[in-house]
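Have a look at the structure below before the remarks.
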Amino acid sequence: MEGLFSFVAANALARVREIGLDVGTLCKLSPMVKQRTPRDTYASSTRIVMPNDTNTLGNLMGGNLLNWMDITAAISAHRCSRRICVTAAVNNVSFKKPIKLGDIVTIHAEVTRTFNSSMEVFMRVHVEDHLSGEQQLCNEAMYTFVAVDQLGAPIAVPDVLPESEEERERFDGALRRRQLRLVLAGKMQPAEATELKALFD
């Protein structure tokens, strides 16, 4: 057993050096906070739609918006975990109306719930008309991120405790959305999705 431990430790140390970290940096990492609120994880970003962001109709291309949301959601997930976070899934994106050239786009993101090493991030996209200043909700989305350690392995993240009634509703729904995603991906048997089954009982 000691030989196995020494082998694993030596390989882990080699991996740390390979990716450019030193042992001193690892030793300075602060202990994980056990709980956060959605407010603690809030992140936002604002952009103006430029000509190279649009399609031939003068509307923001959906792929560009997905990229902007991915970056903002990653920041929110990082504020929850204080770890490197990678995108695991795009659970849902709803496009309610086109976003035009010159519009000002603001993305609001916060973590709704965590599961071991994964985090569900809820986003709202508001668009401000550059002439009138009127703001409208244009998109909503749910992304899932996984926190990883310095070796790229999944690592535990703090619990998220909802404060408002709206946050509690999203918190409760997160487990159903997770089970649905896992069933569709073939990683969970439908019979095991107890929260989903309860909707039809």
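The values are calculated or read from the model by the stated rules, or taken from the named source; none is laboratory data. On a predicted model such as this, the values are computed, not experimentally measured, just so you know. FYI the Cβ positions are ideal-geometry reconstructions off the backbone, even for glycines, and counts take in every protein chain you see.
Among the listed residues 105, 111, 90, 121, which satisfies the condition of being aliphatic (A, V, I, L, M) and farther than 20 Å from residue 173 by Cα?
Unique residue meeting the criteria: 105.
Could you go through the stretch 169-177 and let me know if any residue there is among the aliphatic types (A, V, I, L, M), modelled with pLDDT under 95 and out of contact with any Phe, Trp or Tyr (no Cβ under 6 Å at 6 or more places or on another chain).
yes
Among (1) at pLDDT below 80; (2) surrounded by 13 or more Cβ atoms within 10 Å (Cβ to Cβ); (3) not hydroxyl-bearing (Ser, Thr, Tyr), where does residue 189 come up short?
Of the numbered conditions (1) at pLDDT below 80; (2) surrounded by 13 or more Cβ atoms within 10 Å (Cβ to Cβ); (3) not hydroxyl-bearing (Ser, Thr, Tyr), the odd one out for residue 189 is (2).
Residues that are surrounded by 13 or more Cβ atoms within 10 Å (Cβ to Cβ) and part of a loop (DSSP other than H, G, I, E, B): does the stretch 164-173 have at least one?
Looking through the stretch 164-173, none of the residues is surrounded by 13 or more Cβ atoms within 10 Å (Cβ to Cβ) and part of a loop (DSSP other than H, G, I, E, B).
Contact list please: Cβ distance under 7 Å, first residue in the stretch 70-91 and farther than 13 Å from residue 148 by Cα and in the same structural domain as residue 149 (by TED's automatic domain parsing), second residue assigned to a helix (DSSP H, G or I) and of a type in the set (Asp, Glu), pairs at least six apart or on different chains.
Qualifying pairs under 7 Å: 79/40.
Residues being over 21 Å from residue 166 (Cα atoms) and part of a strand (DSSP E or B): count how many of those fall in the stretch 96-117.
3
Name the single residue, out of those in the stretch 94-145 being modelled with pLDDT of 95 or more, of a type in the set (A, V, I, L, M, F, W, C) and under 10 Å from the mean Cα position of the chain (by Cα), that is nearest to residue 178 (Cα to Cα).
Filtering first and then ranking leaves 119.
What are the pairs with Cβ atoms under 7 angstrom where one residue, in the stretch 165-191, is closer than 21 Å to residue 141 by Cβ and the other, located anywhere, is assigned to a helix (DSSP H, G or I)? Sequence gap at least six, or different chains.
167/38; 175/195; 176/195; 176/196; 179/195; 179/196; 180/196; 183/190
Looking at the structure I just gave you, is residue 46 farther than 17 Å from residue 124 by Cα and modelled with pLDDT of 95 or more?
no
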